[in-house]
Amino acid sequence: MKYEVLYQGAFALLKVHLSAGESVKAESGAMVSMSPNVDVKGTADGGIMAGLGRMLSGETFFFQELSANRGAGEVLLAPSSIGDIQAVELDGSYRLLVQKDGFLAGTSGIQVNTKMQNLSRGLLSGEGFFIVEISGSGTVFLSSYGAIHAINLEPGEERIIDNGHLVAWPDYVHYSIEKASKGWFSSITSGEGLVCRFRGEGIVLIQSRNPSGFGNWVKKFVPGR
């Protein structure tokens, strides 16, 4: 499958070229335009339980499946947030863990499920007890709020990342959640609170903007009741 990411950085748009018989599944409502010979339908990929699991992780119950059933066609897809699009190739040897709302689209060999986090990570991560887990072989397209930046961790290398800036990371990269500073008072007053400590080897994708931070900024301009 051929694809192209247009306007990369802030207002990205994904162009997918489908050969005859090819299909791509995307987040519900992601289609911007498509060729007249492309069919679109809603599907609960993986069944009812898989759909319910995706809802618990912040994704939608249904996907949209776009198929070039009557010859080659073209599809334009876009995320709902103002941000970037990143393609990741999966070979089936590992699973990709993704923040909520991070999945945009994937080829037919990609499965989107949920992974339950342990109690401490669920309470403290800001992502809840369920997180999106992407597996299989093929191409997955991730979306972000702001631009996407890749942090390449060498074996044993550590990096501390604000959890509001996380996009995706492979399941073989170890991570833990901790206070930003040694004491709770300093962690809270610094504006950081809790952060994630990642240990390599592996690539962690982060986003240049924090949705919660933007929401708090907007609230300052909303008149009180």
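The values are calculated or read from the model by the stated rules, or taken from the named source; none is laboratory data. These numbers were taken from a predicted model, which means no experiment stands behind them. A quick note on method: Cβ atoms are made from the backbone with ideal geometry, for glycine too, and the neighbour counts reach across all protein chains shown.
Of everything in region 16-33 that is surrounded by fewer than 19 Cβ atoms within 10 Å (Cβ to Cβ) and among the hydrophobic types (A, V, I, L, M, F, W, C), the residue that is nearest to the chain's Cα centre (by Cα) is 31. Within region 72-111, the set of residues being touching a residue at least 60 places away in the same chain (Cβ under 8 Å), under 16 Å from residue 30 (Cα atoms) and in a strand (DSSP E or B) comprises 75, 76, 77, 83, 85, 86, 87, 103, 104, 105, 106, 107. What pairs can you find where one residue is in region 155-171 and of a type in the set (S, T, N, Q), the other is surrounded by 15 or more Cβ atoms within 10 Å (Cβ to Cβ), and their Cβ atoms are less than 7 Å apart, with a gap of 6+ or different chains? What qualifies is 163/125; 163/126; 163/194; 163/195; 163/196.
Considering only residues in region 34-44 that are in a loop (DSSP other than H, G, I, E, B) and either surrounded by 14 or more Cβ atoms within 10 Å (Cβ to Cβ) or within 17 Å of the chain's Cα centre (by Cα) (or both), the one that is modelled with the lowest pLDDT turns out to be 44.
As an exercise: evaluate residue 188 against (1) part of a helix (DSSP H, G or I); (2) at pLDDT 80 or above and give the number of the one condition it does not meet. Result: residue 188 passes all but (2).
When we screen 73, 102 for residues that are of a type outside the set (Phe, Trp, Tyr), farther than 24 Å from residue 196 by Cβ and either in contact with a Gly (Cβ under 8 Å, 6 or more places away or on another chain) or modelled with pLDDT of 80 or more (or both), the only hit is 73. For region 145-170, the candidate set comprises residues that are assigned to a loop (DSSP other than H, G, I, E, B) and either modelled with pLDDT under 95 or of a type in the set (Val, Ile, Thr) (or both); within that set, the residue that is farthest from the chain's Cα centre (by Cα) is 147. Going residue by residue through region 123-132, is there one that turns out to be out of contact with any Phe, Trp or Tyr (no Cβ under 9 Å at 6 or more places or on another chain), among the aliphatic types (A, V, I, L, M), modelled with pLDDT of 80 or more and within 20 Å of residue 63 (Cβ to Cβ)? Yes, the conditions are met somewhere in region 123-132.
Scanning region 201-225 for residues that are over 25 Å from residue 11 (Cα atoms) and within 18 Å of the chain's Cα centre (by Cα) yields one hit, 202.
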